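Visitor: Starting off with a structure, shown below.
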Amino acid sequence: MASMASVVLVTGGARSGKSRIAEARVEAQPAPWGYVATAEAGDGEMAERIRHHRARRGAGWQTVEASLDLVAGLDAAVAAGARACLVDCLTLWLSNLLHAEADVDAAADGLCRWLAEAPVPVVLVTNEVGAGIVPLNALARAFRDEAGRLNQRVAAAADEVILAVAGLPLTLKAPAG
Amino acid sequence: MASMASVVLVTGGARSGKSRIAEARVEAQPAPWGYVATAEAGDGEMAERIRHHRARRGAGWQTVEASLDLVAGLDAAVAAGARACLVDCLTLWLSNLLHAEADVDAAADGLCRWLAEAPVPVVLVTNEVGAGIVPLNALARAFRDEAGRLNQRVAAAADEVILAVAGLPLTLKAPAG
Amino acid sequence: MASMASVVLVTGGARSGKSRIAEARVEAQPAPWGYVATAEAGDGEMAERIRHHRARRGAGWQTVEASLDLVAGLDAAVAAGARACLVDCLTLWLSNLLHAEADVDAAADGLCRWLAEAPVPVVLVTNEVGAGIVPLNALARAFRDEAGRLNQRVAAAADEVILAVAGLPLTLKAPAG
């Protein structure tokens, strides 16, 4: 589908520099850029992270909040004129879906269908959560299984996949030449 | 030892797609294939995982259970005619050995000696468990140390080592040209 | 700054072989070598690890303890004649700084300034701690955030960055040709 826009997935552990790498990829496109935030500013720690992220991003960014309906968020960003979009992040989106007892498979299907026909370049951020010791808690084990599955699905749908480690990008899947 | 069969280690976090990558590598060899399972179908969660894995694998696979004596399991698979073997997975094998208070070093030595003279190609799956926060629990810390040591030993014995991230393979050690 | 000595950062999970890779890099330089240890041999588990590491290192190594003032430790190693230094490890140093309620940003600034004008080659070891499930404990979350930030800062200051997995080195940042 050479006529469709590129889809990039950036994965990595906590504070691996993945959001910064993803932002730089979006900012390499012409502005304005849509920031599709899956975070809900509910608790203090998350609100602080959102402020930190927002302060780092410069002009040219428009924020759309999409804690559950990511496709609607992407559509809204494009309708508002975004010429490239950043989704930050899929792991939090998954957490929101599970909390809302939504159908994760259907939501992932919908996202992947949208990405296959993305009207503008999209960069998605996600987290590596499965490389630690097996959690004692069954819910935590279930969450990391779901997160791993979602990462695999979106990675399969992406043109390019990057692993962030210590702020440095490592290419896991290169765009077709 | 050019006359010996190739040994491949596939490591990765939970739900990183490592088993699928490993299965594809084995299925690239002529059938039949031996599936050497280290899992014990004791609890419900594990039984469910085994069913899931078994359903995904197609015809051509023969399962051998080897929760403690992995070398005996590999020998049994070869004796039954397997022309390539998959071991899934070393981390669970380690867990079984520790639970049985077996000699882990001796077991690892035995496995590495077998691999050095493997009569058929073997692909082994293992887990990255040491990239999370340091566990509070001393047993969990000891387990992840043992798991890391085992991974290093088998990686040193392997001809090829692959890291799976988001379903994608990253070569850590390439077979000698 | 081509006249300054090379700075290498080796990161990886627990028991990923990062210390061994780092030691080999230092031992490729002319002896004597300075081992700048950030560990405090307080509890039994850590004392055992230090003994294990010390036994593995051969002649040619001189140990300097630097649990808080890493720059002073590096200066002391150089003053004692070290022609290359190993710092093992940054994650423990961070833990010591936080425990002492020291100013982490100022300490990281000081280290990075020293590294920019390093008089001898330096190899620093650090840990990947952010690729597991999100810790329930707020202090653990804060620690892994700080550890990730420190890794990013030192990686940016380094000429070369290596990720250790299963004892194998993966280049994240290559020295400028």
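Values in this text are rule-based calculations from the coordinates and carry no lab data. All figures in this text were calculated on a predicted structure; none of them were measured in a lab. Cβ placement follows ideal geometry from the backbone for every residue including glycine, while neighbour counts extend to all protein chains displayed.
Visitor: Name the residue, out of B:I133, B:I21, B:I162, whose mean-square fluctuation peaks in a Gaussian network model built on chain B with Cα pairs under 10 Å.
Guide: The residue that fluctuates most here is B:I133.
Visitor: For A:A118, which sequence-distant residues (separation of 5 or more, or a different chain) have an amide H within less than 5 Å of its own amide H, given hydrogens modelled in the peptide plane?
Guide: Amide H neighbours of A:A118, under 5 Å, 5+ apart: A:A5.
Visitor: A further question follows. For peptide A:66-79, compute the average count of partner chain beta-carbon atoms within 10 Å of each residue's beta-carbon. Spell out each step's value before the answer.
Guide: Values: counts 0, 0, 0, 0, 0, 0, 0, 0, 0, 0, 0, 0, 0, 0.
Average neighbour count from other chains, rounded to a whole number: 0.
Visitor: Moving on. Let me know the whole percent of all Cα-Cα pairs from region A:7-173 that are separated by more than 20 Å.
Guide: 48
Visitor: If you don't mind, another one. Exposed loop GluC sites (Glu not before Pro) only (DSSP loop, at most 15 other Cβ atoms within 10 Å): please give the longest stretch of chain C free of them, not including the sites. Write out the running numbers ahead of the final one.
Guide: Details: sites that count: C:E101, C:E117.
My reading of the result: C:1-100 is the longest stretch.
Visitor: Determine the calculated [θ] at 222 nm for the protein assembly as shown from helices alone, applying -39500 (n - 2.57) to every DSSP H run no shorter than 4 residues and normalising by the residue count; nearest 500 deg cm²/dmol. Don't skip to the end; give the middle numbers.
Guide: On the way: 18 runs with 228 residues, N = 531.
Only helices count here, giving -13500 deg cm²/dmol.
Visitor: Only Lys, Arg, Asp and Glu count, each charged at its Cβ (+1, +1, -1, -1), so figure out the dipole size of region C:52-177 about its Cα centre, rounded to 20 debye. Intermediate values should be presented prior to the final figure.
Guide: Details: 10 positive and 14 negative charges, 97 e Å.
Roughly 460 debye for region C:52-177.
Visitor: Using only the alpha carbons of the protein assembly as shown, determine the length spanned along each of the three principal axes and report them from longest to shortest in whole angstroms.
Guide: Projected onto the principal axes, the Cα atoms of the protein assembly as shown cover 67, 64, 43 Å.
Visitor: Report, for the protein assembly as shown, the % of DSSP beta bridges that are antiparallel, rounded to 5. It would help to have the intermediate numbers written out before the result.
Guide: On the way: 15 of 84 bridges.
Percent antiparallel among DSSP bridges in the protein assembly as shown is about 20.
Visitor: Another one. Within 10 Å of each Cβ in B:123-129, how many Cβ atoms from other chains are there, averaged over the peptide? Walk me through the numbers before you get to the answer.
Guide: Details: counts 0, 0, 0, 1, 4, 13, 9.
Per residue, the number of nearby Cβ atoms from other chains is 4 on average.
Visitor: Given B:L94, B:G73, C:G60, which one lies farthest toward the positive end of the charge dipole of the protein assembly as shown, if we put +1 on the Cβ of every Lys and Arg and -1 on the Cβ of every Asp and Glu?
Guide: Positive-end residue among those listed: C:G60.
Visitor: May I pose another question? Report the calculated FRET efficiency for A:D109 and B:A80 (r = Cβ-Cβ distance, R0 = 51 Å), to the nearest 0.05. Kindly include the intermediate steps, with their values, before the conclusion.
Guide: Details: r = 40 Å, r/R0 = 0.79.
So the FRET efficiency works out to roughly 0.80.
Visitor: Place the peptides A:9-15, A:164-170 in order of packing, highest mean first, counting for every residue the other Cβ atoms within 10 Å and averaging per peptide. Mind dumping the intermediate values first?
Guide: Working: A:9-15: 26.7, A:164-170: 23.7.
Top to bottom by mean Cβ count within 10 Å: A:9-15, A:164-170.
Visitor: Sticking with this one: Hey, for B:Q62 with labels 7 Å out along Cα-Cβ, what do the inter-copy distances come to in nm, ordered shortest first?
Guide: 6.4, 6.4
Visitor: Right, another one. How far apart, in nm, are the 7 Å Cα→Cβ label points at C:H99 and C:A142?
Guide: Between C:H99 and C:A142, the label points sit 1.6 nm apart.
Visitor: For chain A, what's the relative contact order in percent, using C-alpha pairs closer than 8 Å and at least 6 residues apart?
Guide: Values: 311 pairs, mean separation 63.1, N = 177.
Once normalised by length, the contact order is 36 percent.
Visitor: So for chain C, taking the charge dipole from beta-carbon charges (+1 Lys/Arg, -1 Asp/Glu), which of C:Y35, C:A118, C:G12 sits furthest toward the positive end?
Guide: Ranked along the dipole, the leading option is C:G12.
Visitor: Hey, which lysines would be in cross-link range of A:K173, C-alpha to C-alpha under 24 Å, not counting anything within fewer than 8 residues on its own chain?
Guide: Excluding near neighbours in sequence, the set is A:K18, B:K18, B:K173, C:K173.
Visitor: Percent antiparallel among DSSP beta bridges with both residues in region C:75-171, to the nearest 5? Numbers along the way, then the final one.
Guide: On the way: 4 of 8 bridges.
Approximately 50 percent, going by the DSSP bridge assignments.
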